[in-house]
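*Asks:* A single structure is presented below for examination.
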Amino acid sequence: MKRYGAGALFSLMLGSSLNGYSQGLAFDVNAAPKGNIPGTLYGVFFEDINFGADGGLYAELVKNRSFEFPQSFMGWQVFGNVTLQDDGPFENNPHYVRLKPTGHRWKHTGLQNEGFFGVGLRKGASYRFSVWARLPEGGESQKISIELGNSSSDEWGQAYAKSELVIDSKEWKKYEVELQSPVVDPEAFLRIFLESAGTVDLEHVSLFPVDTWKGHRNGLRKDLAQALADLKPGVFRFPGGCIVEGTELGTHYDWKKSVGPVENRPLNENRWHFTFKHRLYPDYNQTYGLGFYEYFLFAEEIGAEPLPIMNCGLICQYMSATCEEHVPVDSLDCYIQDVLDLIEFANGDATSRWGKVRAEMGHPEPFHLKYVGIGNEQWGPEYIERLEPFIAAVRRQYPDIKIVGSSGPQSEGKEFDYLWPEMKRLKVDLVDEHFYRDDNWFLSQGKRYDDYDRKGPKVFAGEYACHVKGNARNQFWGALCEAAFLTGVERNADVVEMATYAPLLAHQKGWQWRPDMIWFDNLSVCKTSSYWVQYLFSHYKGTDMLKLTMDKDVVAGQEGQQGMFASAVWDENMNSYIVKVVNTSDKMQPVEINFKGLKKKQKLSAGRRILLQTDQVNSENTFTRTDAISPCEKENDMQVTGNKVSFSSAPYSLSICIIPSSSSDTL
Ligand code: AHR
């Protein structure tokens, strides 16, 4: 066991004699700034996994709204005289349904949608039903009725809310009506009846809450979008993840199919429906309803830099059996053009080909895209030989765009060691590192970035999460290990430009992967301990890096440091020092922070400490106890004596110590 030097230990009244307390630890913080904290440091990674988009953030409540699922009526129950047609008005989604009377006055024609694990209804909320319809035979107007209801309800009638639409044209037209739900029901249905004696065709049957994020039509689910906005993410990675790659060439995420009128965006397979046979969801597909326009807009609205990850001509390397399945290196042109066109879609003048598409969708101003990732989690020479021509083309046309390359799926090892030097050789701006590792690994990585080459490329910790052994969900212990790791990220914010936890969202009834940052069901949101760790690091990331040491060594859980991890920043907007202390031990640890190099006039005050802690380290937030583990604020529980600040760090805790300085002229 390492012995501490004189500076590392101090005695508090609580000292070592009390049970459960350790000897005090003394940290030194040098008040001289060491460099800026990048605004992008903490961000979000979004992928349509765990029903994260369709059935999740994307607020559409109807599953298989265009009848394009491989089983055309998946998600629907049809009754009476309903037939599938395939010469509809939308080229990319040709199917629609034809409703004819049954010929018997007691029998009904219609269809019912089950939603995503039900249609979630909130009491008093309004829902906008819309449908494209026509009278194929012309003639008199025909009526359809629309119901929101539940067959298992105890009420005499199954419908909670009803309305009608009159279809009055031989031509395809969009019809809309709003229904208000008088009840809360997470698992309702949408039912449509043909009410008159003629024939009606229906296409793109849709139901959205009126109250979406910022009220956008084709919008996002408000509570989930708000939970993401509340994180104040600096960067927003999209659309994945493996979704970028595709299982075969035809199924990679194709951004061009995700823009323009939503009715004409084609369906894409979602590889997460079959990737894990033990978590099979055959009804999971991508509608591209939450496409690149909606993504750029949302990123802009929450102040995050967009970071699209693009396909580099490789399908999922885990799934491919032979190299022949990938795009040949000499046939990459259209994939490269996709990247150039996406940049034009985001940033181009409204008169440019793709800038015009953006403008027509409602955003004539550019989205100011600065980053693009080429390849998700690719590896091997087959990646490098494809990446090179992409880099050349982007550099040629858009020299200011920063390019992100991949270091493969592993946090270290053969592929990682091959790819990093290649990334340097190719002069990418950032390298995307992924690590889904256990608690021991996270606790061993406190100094991971201390010795990284400062000459670049920078690091994008693009997918990470602590997977506590035993297939745990989102135990507090895992989140604490992530916090410990993030102190090392923050200390090295000159080399780590961004970090995004993954995956972001998971439907309680439709997940394929865990842990995840935010769980949700049809009506509620459950923020995990990992969410709160991200929230606290993001809100208190500060503006300038500071050096924090104990006995001249960084505090990163090394031997003798009693399971402590710590980092320090200055926040010029809060005019405060912020010290983050992670106690991964089962001991109460008295901590003294000694600020060195303060200006003469500068006075520190007690400020406040935000604490994330629970006595049950293996516990987690659940839908019945969503706030069981959440930050709490401690006023005046830190003592200030001159340039020293002290407090007691509880066992298994994250403390964010906010220490205001009297003078703004500190740096
Ligand atoms: O986050 C889940 C998956 O993990 C991502 O899709 C992929 O990039 C990684 O393997």
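The values are calculated or read from the model by the stated rules, or taken from the named source; none is laboratory data. Bear in mind the structure is a predicted one, so any value in this text is a computation, not a measurement. As a convention, Cβ positions derive from the backbone with ideal geometry for all residues, glycine included, and neighbour counts pool all protein chains shown.
*Asks:* For the stretch 224-262, which positions are away from the ligand (no atom under 16 Å from the Cβ), crowded, with 20+ Cβ neighbours inside 10 Å and assigned to a loop (DSSP other than H, G, I, E, B)?
*Replies:* Hits for the stretch 224-262 are 231, 233, 234, 259.
*Asks:* Oh, and also: What strands (runs of 3 or more DSSP E) completely inside the stretch 478-558 contain at least 3 residues that are within 16 Å of the ligand (Cβ to nearest atom) and within 30 Å of residue 455 (Cα to Cα)?
*Replies:* Output list reads 496-501.
*Asks:* Return yes when residue 316 is in contact with a Cys (Cβ under 8 Å, 6 or more places away or on another chain) and part of a loop (DSSP other than H, G, I, E, B) and no when it is not.
*Replies:* yes
*Asks:* Turning to a different aspect of this structure: Search the stretch 421-430 for residues being part of a helix (DSSP H, G or I) and out of contact with any Pro (no Cβ under 8 Å at 6 or more places or on another chain), and hand back the single one that is farthest from residue 391 (Cα to Cα).
*Replies:* The extreme case among them is 421.
*Asks:* Give, as residue ranges, the strands (runs of 3 or more DSSP E) completely inside the stretch 119-195 that count at least 3 residues that are more than 37 Å from the chain's Cα centre (by Cα).
*Replies:* Those strands (runs of 3 or more DSSP E) span 142-149, 159-167.
For every residue, the table says whether it meets (1) small (Gly, Ala, Ser); (2) within 17 Å of residue 249 (Cα to Cα); (3) part of a helix (DSSP H, G or I); (4) more than 16 Å from the ligand (Cβ to nearest atom).
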| residue | (1), (2), (3), (4) |
| --- | --- |
| 308 | no, no, no, no |
| 324 | no, yes, yes, yes |
| 335 | no, yes, yes, yes |
| 349 | no, no, no, yes |
| 365 | no, no, no, yes |
| 373 | yes, no, no, no |
| 390 | no, no, yes, yes |
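*Asks:* Another question, if that's okay. Regarding residue 301, is this residue more than 16 Å from the ligand (Cβ to nearest atom) and within 26 Å of residue 57 (Cα to Cα)?
*Replies:* yes
*Asks:* Another question, then. Being within 21 Å of residue 315 (Cα to Cα), basic (Lys, Arg) and touching a residue at least 40 places away in the same chain (Cβ under 8 Å) is true for just one of 256, 277. Which residue is that?
*Replies:* 256
*Asks:* Now for a separate question. For the stretch 407-429, check the following and say yes or no: at least one residue is under 29 Å from residue 628 (Cα atoms) and charged (D, E, K, R).
*Replies:* Within the stretch 407-429, not a single residue is under 29 Å from residue 628 (Cα atoms) and charged (D, E, K, R).
*Asks:* Name the residue, out of 245, 203, 263, that is in the same structural domain as residue 136 (by TED's automatic domain parsing) and in contact with a His (Cβ under 9 Å, 6 or more places away or on another chain).
*Replies:* Within the list 245, 203, 263, the selection yields 203.
*Asks:* Restricting attention to the stretch 385-412, which residues are touching a Phe, Trp or Tyr at 6+ places or on another chain (Cβ under 9 Å) and either of a type outside the set (Ser, Thr, Tyr) or outside the structural domain of residue 495 (by TED's automatic domain parsing) (or both)?
*Replies:* 386, 390, 401, 402, 403, 404, 405, 408, 409, 410, 412
*Asks:* Out of (1) within 15 Å of residue 249 (Cβ to Cβ); (2) surrounded by 18 or more Cβ atoms within 10 Å (Cβ to Cβ); (3) within 16 Å of the ligand (Cβ to nearest atom), the odd one out for residue 319 is which?
*Replies:* (2)
*Asks:* What are the residues in the stretch 448-458 that are in contact with a helix residue (DSSP H, G or I) (Cβ under 9 Å, 6 or more places away or on another chain) and surrounded by 17 or more Cβ atoms within 10 Å (Cβ to Cβ), if any?
*Replies:* Result: 448, 449, 457.
*Asks:* Further question on the same structure: Given the options 470, 510, 488, 557, name the one that is at positive phi and assigned by TED's automatic domain parsing to the domain that holds residue 308.
*Replies:* Step by step, each of 470, 510, 488, 557 is checked, and only 470 is at positive phi and assigned by TED's automatic domain parsing to the domain that holds residue 308.
*Asks:* If I filter the stretch 355-363 for residues that are in contact (Cβ under 8 Å) with a residue 40 or more places away in the chain, within 22 Å of the chain's Cα centre (by Cα) and either away from the ligand (no atom under 16 Å from the Cβ) or assigned to a loop (DSSP other than H, G, I, E, B) (or both), do I get at least one hit?
*Replies:* Checked the stretch 355-363: no residue is in contact (Cβ under 8 Å) with a residue 40 or more places away in the chain, within 22 Å of the chain's Cα centre (by Cα) and either away from the ligand (no atom under 16 Å from the Cβ) or assigned to a loop (DSSP other than H, G, I, E, B) (or both).
*Asks:* Same structure again: How do the strands (runs of 3 or more DSSP E) wholly within the stretch 603-661 filter down when requiring 2 or more residues that are crowded, with 18+ Cβ neighbours inside 10 Å: which remain?
*Replies:* 608-613, 644-649, 653-660
*Asks:* Right, another one. Does the stretch 595-602 contain at least one residue that is within 16 Å of the ligand (Cβ to nearest atom), in contact (Cβ under 8 Å) with a residue 40 or more places away in the chain, surrounded by fewer than 19 Cβ atoms within 10 Å (Cβ to Cβ) and in a loop (DSSP other than H, G, I, E, B)?
*Replies:* Within the stretch 595-602, not a single residue is within 16 Å of the ligand (Cβ to nearest atom), in contact (Cβ under 8 Å) with a residue 40 or more places away in the chain, surrounded by fewer than 19 Cβ atoms within 10 Å (Cβ to Cβ) and in a loop (DSSP other than H, G, I, E, B).
*Asks:* Specify which of the listed residues (415, 382, 344, 433) is of a type in the set (Asp, Glu), in a helix (DSSP H, G or I), assigned by TED's automatic domain parsing to the domain that holds residue 296 and within 16 Å of the ligand (Cβ to nearest atom).
*Replies:* Going through 415, 382, 344, 433 in turn, just one is of a type in the set (Asp, Glu), in a helix (DSSP H, G or I), assigned by TED's automatic domain parsing to the domain that holds residue 296 and within 16 Å of the ligand (Cβ to nearest atom): 415.
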